[in-house]
Every structure is written in C-alpha cells, then in structure tokens.
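First comes the structure, then the notes that go with it.
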Amino acid sequence: MTTTDTVTTGATGAPADAPVPAPAQRLSMPQLAPEYYQAMFAVDRASRKGLDPALAELVKVHASMINGCAFCIDMHATDARTNGEQDHRLLSLPAWRETPWFTARERAALALTESVTLLTQGHVPDAVYAEAAAQFDEAELAQLIALIATINAWNRIGVATRLSPAAK
C-alpha cells in the first residue's frame with residue numbers, strides 16, 4: 001500500500017477504500033436456459049402461496065446466508081426491509097437462537113430452513129420437524145418446505161453462475 005498527499009492506494013493504484021468489483025458472472029441462465037429459468041419463476045410463485053410474506057423473506061434471507069448467495073441475500077433483505085422488516089432482525093439471522101426477537105413460529109421456520117438447507121449435516125431431525133409441525137398446519141408446512149427447497153435452488157443457480165448484486 002502506498003500513501004500520497006491525498007489518497008491511500010492499494011497495489012492496483014485504486015483508492016484503498018474503493019469497493020472491490022464482484023467476480024465476473026460465469027453465464028446467464030435467462031439467456032442460455034430460458035425455459036428452465038421461467039419454470040423456476042413459476043415454482044417460486046407457487047412456493048410462496050399461503051405463506052406470510054414477512055416470514056417467507058426471513059426464510060429466504062436465512063437460507064441465502066447459509067449458502068453464501070450474495071445476490072439472493074441482497075435481493076431478499078431489500079424485499080424484507082420494503083415490507084417493514086427491521087435491520088437488527090435481518091443482521092442477527094445467523095445467531096437467531098441467541099436473540100429474543102423471533103417468534104416461536106419464526107424460530108420453527110428458521111430451524112427447518114437450516115435443516116433442509118444443510119441436509120448433509122444430519123438431515124431433518126425429528127425434533128425440528130415436530131416443532132415446525134406444531135407451528136404450521138400441514139398445508140403451510142408443505143408450502144414452507146417448498147419455499148425452502150426453492151430458495152436453495154435459486155441459491156445454487158446464483159452461486160454457480162456467480163450472480164452478484166448491483167453495486168450500491
């Protein structure tokens with residue numbers, strides 16, 4: 001790093017506090033697999049039916065954080081905020097168990113989200129499923145599982161293609 005009279009710069013000569021550009025997107029699913037991409041939008045719409053939109057966005061942000069999908073984290077956190085979600089709740093999703101501000105219903109959904117998202121780490125334990133079943137009726141639980149599966153599919157598309165959010 002070098003220092004001049006006015007600006008500190010990194011090895012590239014750019015200001016040291018300048019944002020680093022996102023990695024280049026690998027390919028465009030809408031262009032190269034348009035039928036699949038449109039089908040994903042239809043699945044996405046169907047997966048949200050009957051669920052509280054605020055809860056759906058919490059689930060989407062949480063799964064996206066677990067999967068490291070920057071595009072989906074940005075999009076769904078923005079959508080959640082637009083619908084009135086508070087920043088402290090979004091920022092604490094990785095530590096939701098240690099916070100007092102999620103309801104029993106939200107906690108059951110977040111636990112189920114983790115279990116379905118991290119299938120290779122113990123599948124969906126009976127206790128996690130039972131808690132979700134205690135908080136959601138069967139139709140809601142089916143929709144919640146559909147939502148979790150769908151956001152995981154979107155995350156895999158976003159991560160594999162290096163889809164990144166627009167600079168802000």
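Where a number appears in this text, it was derived from the coordinates with a stated rule and is not lab data. Predicted model only: the values in this text are computed from it and were never measured. FYI the Cβ positions are ideal-geometry reconstructions off the backbone, even for glycines, and counts take in every protein chain you see.
Yes or no: region 133-151 includes at least one residue that is under 15 Å from the mean Cα position of the chain (by Cα), within 30 Å of PRO21 (Cβ to Cβ) and aliphatic (A, V, I, L, M).
Yes, because at least one residue in region 133-151 is under 15 Å from the mean Cα position of the chain (by Cα), within 30 Å of PRO21 (Cβ to Cβ) and aliphatic (A, V, I, L, M).
Filter region 63-88 down to the residues that are of a type in the set (Gly, Ala, Ser) and buried (at least 21 other Cβ atoms within 10 Å of the Cβ), then identify the one that is farthest from GLN25 (Cα to Cα).
Taking the candidates together, the pick is ALA80.
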